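> Take this structure, written in structure tokens, and hold onto it; I'll ask about it next.
The values are calculated or read from the model by the stated rules, or taken from the named source; none is laboratory data. Please read these numbers as outputs of a predicted model, since none were measured by experiment. So basically every Cβ, Gly included, is an ideal-geometry build from the backbone, and we count neighbours across all protein chains shown. Heavy atoms of the whole protein, side chains included, go into the accessibility calculation; ligands, DNA and RNA do not. Shrake-Rupley method; radii C 1.70, N 1.55, O 1.52, S 1.80 Å.
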Amino acid sequence: MATGFRQPETATANAATASIRFQLVTTAEGYAPKVWIDDVEFVEVLTARSKNTQDVNLLKNPSFEKSQPTNSSLPLNWDKPLRGEYIRSKNVAYEGKCSVMIAEAPMGRHSAWTQRVKVGSGDVYSLRGMLKTENVNPGGVPQGAYIFTRFFGKDGLEVFPSLYSRAFGGYTKWTEVEIEAFEIHPGVTEIEVG
């Protein structure tokens, strides 16, 4: 059962790119939060050209099983967070042998794993993945662990509104989180997933 929600159903008009992230935000003292991410899926559920789609994951290395050739602690095809502690975890996974982990996000700042994917204007996509949390400060968005989307105009400036999944805090077992059925407006050519 999915635990995400749609808000809103359509991505922002005039956007040129979008950023979708699995992220951790720490906003309370005394927490040493960790979040694990595994089995991420980004699929096209409806195309503007056809009602037929293939249930094909558009992400590379969605289960984090492959590492970068020069650093086995980083997953292949994924950009690492800019802040906090992060690692390709070889001993915690929902399925398979690996996941990625973010810990110790600086107070009030976010940390996220990301990957860019080409998309089609007018097409409808869903993003889902598995999250596991440990000692994440409770609270709703923008606190905790969640999927977050940001859309950007051709000038590179952020265009609102953003889309959020449900935020997770405390200690959770592996839980599916998703943003489902969001449409890409004309001008959007690429999404950053994470």
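> With a 1.4 Å probe and all protein chains kept in place, how much accessible area does Thr172 have, in Å² rounded to the nearest 10?
The accessible area of Thr172 comes to roughly 30 Å².
> If you don't mind, another one. Could you tell me the calculated FRET efficiency between Ser67 and Ala32, based on Cβ-Cβ distance and R0 = 35 angstrom, to the nearest 0.05?
Numbers: r = 25 Å, r/R0 = 0.73.
That pair, Ser67 with Ala32, gives E of 0.85.
> For Asp39, Asp55, Asp79, Asp123, give the ranking by accessible area with the largest first, probe 1.4 Å.
On the way: Asp39 40, Asp55 125, Asp79 90, Asp123 0 Å².
Per-residue accessible area, sorted high to low, gives Asp55, Asp79, Asp39, Asp123.
> In addition: Order the following by accessible area, largest value first: Thr175, Thr133. Probe radius 1.4 Å; ligands, DNA and RNA are ignored. Walk me through the numbers before you get to the answer.
Details: Thr175 35, Thr133 5 Å².
Heavy-atom accessible area, descending, gives Thr175, Thr133.
> Work out how much length Asp55 to Glu85 would gain on full extension: take 0.36 nm times their residue separation and subtract the Cα-Cα distance, in nm to one decimal. Working shown, then result.
Values: separation 30, 0.36 × 30 = 10.80 nm, distance 3.34 nm.
Roughly 7.5 nm would be gained on extension.
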